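Each remark here refers to the structure printed beneath this line.
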Amino acid sequence: MRITDQQANTTNASQVHLVVVDPKDGRVLAEHQLGAELSSLEAVLRGGLTVIATSRAGRPEVVAVDAASGAERWRAAVPAAGGLGGFGAVGFGDLVAVVGVTGLDVLGLDGAIHRSVSLTSYAGAMPRSDGRLVLPQEAATLVVGPDRDVRLDGTEVGIASDDGSLPGLTLVSAGTMRAYDADGHQRWELAGASPAGVVVLGGVVYVTRDGGVTAVDGSTGTVRWRTDLRGPLLTPLTDGRVLLVATGADLAALDLRTGAVLWRAALPSGHTDVMAFGGLLVARTPDGSSTDVMG
C-alpha cells in the first residue's frame, strides 16, 4: 500500500492517491483519490484501515481512510498532536498511537481516545508483534500495551528478529541485560557485556556481544550454551535452521540447539555488514557503496 503525490508543473494543485497493491505480484487492487492534505500515510491497521497525519488550517489531525473503498471513516484532533515540534502516528495491534513531543494518545479502530500517556522524550516508537509499542525514554523504556503501560529502568535492547514465541518479553540494558514480562515483572538477568544484537526463536533468546554468542531460555533465564567467537560481532541472523553471526572477517553458522560452529565462510573483502533482505543474505561495505549477494 502506498500514497502517491502528483504535483502539476503549471499549477499549485496536488493530487493525492491511495494505491493498494498485492504484495505477491504487484497488481493494483484499488486506487482512490484523496484530499490534497492527506499525503502522509502513517499506519495501516486491521482490515486495511489507513491512518494519515495531516494539518488543515493549522489544526493537526489524524484521519482514517478505508483502503478498500477510499471512504473517510473518522477524523480526530488529538491532544498529543497539538504541541510544537510535530507529531506522528504508529499502529500497534488494533490500536494507533498518536505521538507528540511530550505525550501520546492511544486511539482505537473507531478513532476514540482510549487513554493518554506522558513522555519525557521521543526517540522513535517500535511496534511489537504481540500488540505492544516500545518507546525509548531518558534512561528508561516505556512499553505501551493494549490495556496498560509499563515504565522500565534501562535502555531497550532491540530484538532484530522475533518469531513471537515469547509474547510480552521486553529486554533492557542497565549494566546487565534484564528480561521483563508484559506486567513489568523482572523474569531473569544476564550478566556480561552489553548485547550487540538479539534474536528470539523457539522460546530461546540468542545474544551476540563481545566475546561470543549466548543462548538463554527465554522463560527461565537459564543459559543453554555459550560459544566463543572473536571479532566485532553483529546482530545475529537466522533462517530458522541455523544462527548466522558475522565476525567482521567471516560468517559463522551455529547450531541452534548446541551452539556448535557448523561452518565458516569468508566475507567479501571490505564487506563487513551482513543482513537478510528479500529472502537473500547480503554483505555490504559500511558506507553502503557496494553490496554482494551471498546466497
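Counting Lys and Arg as +1 and Asp and Glu as -1 over every other residue whose Cβ lies under 15 Å from the Cβ of Gly88, the net charge comes to -3.
Across all directions, the average flat footprint of the convex hull enclosing the Cα atoms of the stretch 157-295 is 8.2 nm².
Taking all Cα pairs closer than 8 Å and separated by 6 or more residues, the relative contact order of the stretch 157-295 comes to 13 percent. Compared with the rule-of-thumb size 2.2 N^0.38 Å for a compact globular protein, the stretch 204-264 has a Cα radius of gyration ratio of 1.02. Each principal axis of the chain carries a Cα extent, and these read 61, 43, 30 Å when sorted largest first. For the stretch 123-182, applying the loop criterion from DSSP together with a ceiling of 16 other beta carbons within 10 Å to the trypsin sites (Lys or Arg not before Pro) yields Arg148. Scoring 218-228, 71-81, 87-97 by mean Cβ neighbours within 10 Å over their residues and listing the highest first yields 87-97, 71-81, 218-228. The Asp210 and Leu109 beta-carbon pair, evaluated with R₀ = 45 Å, returns a calculated FRET efficiency of approximately 0.50. Residue exposure proxy: Val213, Val21, Val150, ordered by other Cβ atoms within 10 angstrom of their Cβ from fewest to most, comes out as Val21, Val150, Val213. Exposure proxy for Met126, Met177: other Cβ atoms within 10 Å of each Cβ, ordered fewest to most, give Met126, Met177.
Based on C-alpha pairs under 8 angstrom that are at least 6 apart in sequence, the chain has a relative contact order of 6 percent.
Taken together, the values in this text are just the output of simple stated rules run on the coordinates, not laboratory data. Predicted, not measured: the structure shown is a model, and the values here were computed from it. Note that each Cβ is placed from the backbone with ideal geometry, even for glycine, and that neighbours are counted across all protein chains shown.
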